[in-house]
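Encoded as structure tokens, the structure appears first; notes follow it.
Read-outs throughout are calculated quantities, based only on the coordinates presented, and are distinct from any laboratory measurement. As the structure is a computational prediction, the values presented were derived from the model and not from experiment. Every residue, glycine as well, gets a Cβ built from its backbone with ideal geometry; the counts of neighbours run over all protein chains shown.
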Amino acid sequence: MATYVLVHGAWHDGSLLADVAGHLRGDGWDVHTPTVRGNGADAEPGVGLEEAIGSIADYLAGHDLSDVVLAGHSHGGMIISGVYDRMPDRVKRLVYWNAFVPHDGESLIDLVPAHMGAIFRKRAEASEDMRFSPTYPVWRDVFFNDGDGAAAQAAYDRLCPQPYATFADKIALKTPPAAWKVGKSYINSLMDTAMPHSTGWHPNMSERLGMFRLIQMMGGHETCFTDPEGTARALHMAGRD
Amino acid sequence: MATYVLVHGAWHDGSLLADVAGHLRGDGWDVHTPTVRGNGADAEPGVGLEEAIGSIADYLAGHDLSDVVLAGHSHGGMIISGVYDRMPDRVKRLVYWNAFVPHDGESLIDLVPAHMGAIFRKRAEASEDMRFSPTYPVWRDVFFNDGDGAAAQAAYDRLCPQPYATFADKIALKTPPAAWKVGKSYINSLMDTAMPHSTGWHPNMSERLGMFRLIQMMGGHETCFTDPEGTARALHMAGRD
Amino acid sequence: MATYVLVHGAWHDGSLLADVAGHLRGDGWDVHTPTVRGNGADAEPGVGLEEAIGSIADYLAGHDLSDVVLAGHSHGGMIISGVYDRMPDRVKRLVYWNAFVPHDGESLIDLVPAHMGAIFRKRAEASEDMRFSPTYPVWRDVFFNDGDGAAAQAAYDRLCPQPYATFADKIALKTPPAAWKVGKSYINSLMDTAMPHSTGWHPNMSERLGMFRLIQMMGGHETCFTDPEGTARALHMAGRD
């Protein structure tokens, strides 16, 4: 196997992917789980999308990684899209895991239903530093639907606030995703309602990739907690040659 | 765990949920499976939707149940919607299991494709007392698709006729489902074609709930017969805190 | 059980269904896996849709098969539709397995997105004899998404070129599929992206059948290689009384 770099989603940091990474290593992969700038317990506020993308680009360059399978979960799709567009030569395959696939000039806010975008902005504006988190009821029922209440609460306590700018900033991409000359995979968890299924992750986001390898699994948006072994299995199937 | 009240669908009665209830009790729930007025082997004809709803409201009041997880299968979604709207204080969470989610002034007939509504009315009008059942071929292929023929026939022999008025009467709701201040879950069985998938149960019906917890499982419309253990597992996941 | 006749899809021949057939025989079925005229290692070029259909009709008549469960995979849906329309008395149930369900006057090309049809024609026109195969990258990611790379390559090496005329010829059907008086089933593999999911096999193709029995399974388009046991299980569920 080769090198897997897993990029977490909003409100997460790299440490929350440790269980998934452990199982992937058991399949023979070299696995990295960097934390995106702006996320994590000690992050500074005021980080925007370009800095967030730059931090993972720097990680790949700093560790001189090549032939990377670069995976992004949820908001991580924004990150890996930007990283690939800036340094295509280091990447062998992109894996979107219930993740956003932006076109040039789009923000995450542009890709979610209007009522969700309005809630995100309202919560950020009510904060001290334009960072925000989901409420527990939303986390419990919409994100953690396949887990139990105790695990939902324990995971919630490990989340970090997310800089709103990483949701509102529009991405710059030189090339549209469907034209990228790289392997592409999309993992879709069938119970994931973080995006309402009437618009949905798949095929709404996935088909923006042009040709791609689809992997589906049961489970919700947070299988890094509720099913790390199944998640690793899906990532393995998505990333192998 | 708390109290689970399971409301069966059309052509069923409470006794047909015995296997599911048994497995749910094994998870620690106190489980009730009342029969809706108008259903069951000895039911009188001429029952309408309001009386059907009232019979389950009376059951909750008569047994002085509170903090109830109130689940409805299929037509049972009409029933639990009406019961909750009339006595919200007794209910902790609503669970729609491949069930209808009506708005104020809608009947079940309003929620199914026009050709299905026409068949229902035609079959009722051909009866003595405006009650009707599905034909065996429809039951076998559309409802019991995941089971074998012998089990399909045995289950068919246990069905009761359904009063057409419970399908045609329009429900009265003071508040739209999306505004209800209660936990809401939706169970969707991926092989359930009782509603054609081009319109479908999920997300067509489910997203009427506003925020909800989605649980998906394999299986068709009649997993109370074909997979009672899996059904209980889904109900447990849908109903727990 | 009764007699199962499995009709392979494009680029396949009957020998590639041997593993599936073996598992089905274990369920008690008498299983036939004929090769459609125009397919197979030694096939002559220039075969059209009508000759392809005729070869399977001849197979049923030549073996004097009756009460047949007639299944078609992918392009095989074109074949079994034509065979049933020509000899309905020999067929007990039709099983479409991620297969095309044509109306009178439609070709396979009419049923796929325009960009796919253009690729098929371009590849055929670039050949010596108007036969063509998928490229390996398409096979690997779009068809063989649930398998590993070594198995994808091994299966690819066993494919045969497909006569373009069997894709472009328009079928003649006396009766529309929804009106056929025969049992009908549709097997849908949830990871099958041979048809993009925004249009998709199910319910886009399946609901053309009118009333049908739906069976769903995980897996991609080539579960004859990646999951022959699960495929046989789905065929058994689709074909039994």
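Can you give the FRET efficiency for B:Ala151 and A:Asp241, using 1/(1 + (r/R0)^6), R0 = 45 Å, r = Cβ-Cβ distance, to the nearest 0.05? Result of the calculation: an efficiency of 0.55. Summary of the geometry: region A:96-160 and region B:126-186, compared by the centres of their Cα atoms, lie 37 Å apart. With contacts taken as Cα pairs under 8 Å at a separation of at least 6 residues, chain C carries a relative contact order of 24 percent.
Here the relative contact order of region B:8-140, from alpha carbon pairs under 8 Å that lie six or more residues apart, stands at 20 percent.
Scanning chain A for trypsin sites (Lys or Arg not before Pro) that sit in a DSSP loop and have at most 16 other Cβ atoms within 10 Å, the longest stretch containing none of them is A:1-157. Measuring from each Cβ of chain A to the axis carrying A onto B, the nearest residue and its distance in whole Å come out as A:Leu190, 4.
Rounded to the nearest 20 debye, what is the charge dipole size of the protein assembly as shown about its Cα centre when +1 sits on each Lys and Arg Cβ and -1 on each Asp and Glu Cβ? Walk me through the numbers on the way to the answer.
Numbers: 60 positive and 90 negative charges, 168 e Å.
That gives the protein assembly as shown a dipole magnitude of about 800 debye.
Placing pseudo-labels 7 Å out from each Cα toward the beta carbon at B:Asp89 and C:Ser15 gives an inter-label distance of 7.7 nm. Rounded, prolate or oblate, given the Cα gyration tensor of chain B, with a/c below 1.5 counting as rounded? Note, shape of chain B comes out rounded. Charge tally for C:Thr3 (other residues, Cβ to Cβ under 12 Å; Lys, Arg +1; Asp, Glu -1): +1. Taking all pairs of different Cα atoms in the protein assembly as shown, averaging 1/r and flipping that mean, what Kirkwood radius in angstroms comes out? It is 27.3 Å. Spatial offset of region C:67-94 relative to region C:1-46 amounts to 13 Å, using the alpha carbon center of each. For B:Asp169, the residues whose modelled amide H falls within less than 5 Å of its own, excluding neighbours fewer than 5 places apart on the same chain, are B:Leu49.
In a shell of Cβ-Cβ distance under 9 Å around A:His23, excluding A:His23 itself, what net charge do Lys and Arg (+1) and Asp and Glu (-1) give? Walk me through the numbers on the way to the answer.
Working: positive: A:Arg25, A:Arg233; negative: A:Asp19, A:Asp27, A:Glu229.
Summing Lys/Arg as +1 and Asp/Glu as -1 gives -1.
For a modelled paramagnetic label at B:Lys122, 7 Å from Cα along Cα-to-Cβ, the residues of region C:172-192 in reach, with backbone nitrogen under 14 Å, are C:179.
Excluding A:Phe100 itself, what net charge comes from residues whose Cβ is under 12 Å from its Cβ, given Lys and Arg +1 and Asp and Glu -1? Working shown, then result.
Working: positive: A:Arg208; negative: A:Glu106, A:Asp110.
So the surrounding residues net to -1.
Within the protein assembly as shown, DSSP assigns beta bridges of which about 10% are antiparallel (rounded to the nearest 5).
Projecting label points 7 angstrom from Cα along Cα→Cβ for B:Ser133 and C:Ala172 puts them 4.5 nm apart.
Selection among A:Ala43, A:Val31, A:His12 by position relative to the dipole of chain A gives A:Val31 as farthest towards the positive end (Cβ unit charges, Cα centre).
Cβ-to-Cβ counts within 10 Å put A:Tyr156, B:Tyr96 in ascending order as A:Tyr156, B:Tyr96, the fewest first.
Past 22 Å, Cα to Cα: identify those pairs from A:Lys92/A:Lys170; C:Lys92/C:Lys174; C:Lys122/C:Lys170; B:Lys122/C:Lys184, in the order given. Numbers along the way, then the final one.
Details: A:Lys92/A:Lys170 25 Å; C:Lys92/C:Lys174 18 Å; C:Lys122/C:Lys170 19 Å; B:Lys122/C:Lys184 24 Å.
Over 22 Å apart, Cα to Cα: A:Lys92/A:Lys170; B:Lys122/C:Lys184.
Footprinting exposure proxy ranking of C:Glu128, B:Glu44, C:Glu106, A:Glu222, fewest other C-beta atoms within 10 angstrom first, gives C:Glu128, B:Glu44, C:Glu106, A:Glu222. Each other copy places its own label point for C:Gly28 at 4.2, 4.3 nm from this one, sorted shortest first, where the point lies 7 Å along the Cα-to-beta carbon line.
Between B:Asp110 and B:Asn204, the modelled labels are 1.6 nm apart [label points 7 Å from Cα along Cα→Cβ].
Placing +1 on the Cβ of every Lys and Arg and -1 on the Cβ of every Asp and Glu, with nothing else charged, gives region B:3-239 a dipole about its Cα centre of roughly 600 debye.
Partner chain Cβ atoms within 10 Å, averaged over the residues of B:185-191 - can you pull that number for me?
On the way: counts 2, 2, 0, 3, 1, 7, 7.
Average neighbour count from other chains, rounded to a whole number: 3.
Among C:His115, B:His75, sorting on how many other beta-carbon atoms sit within 10 Å of each Cβ, with the fewest leading, yields C:His115, B:His75. Label-point spacing for C:Glu128 across the identical copies (point 7 Å from Cα in the Cβ direction), in nm and ascending order: 7.7, 7.7.
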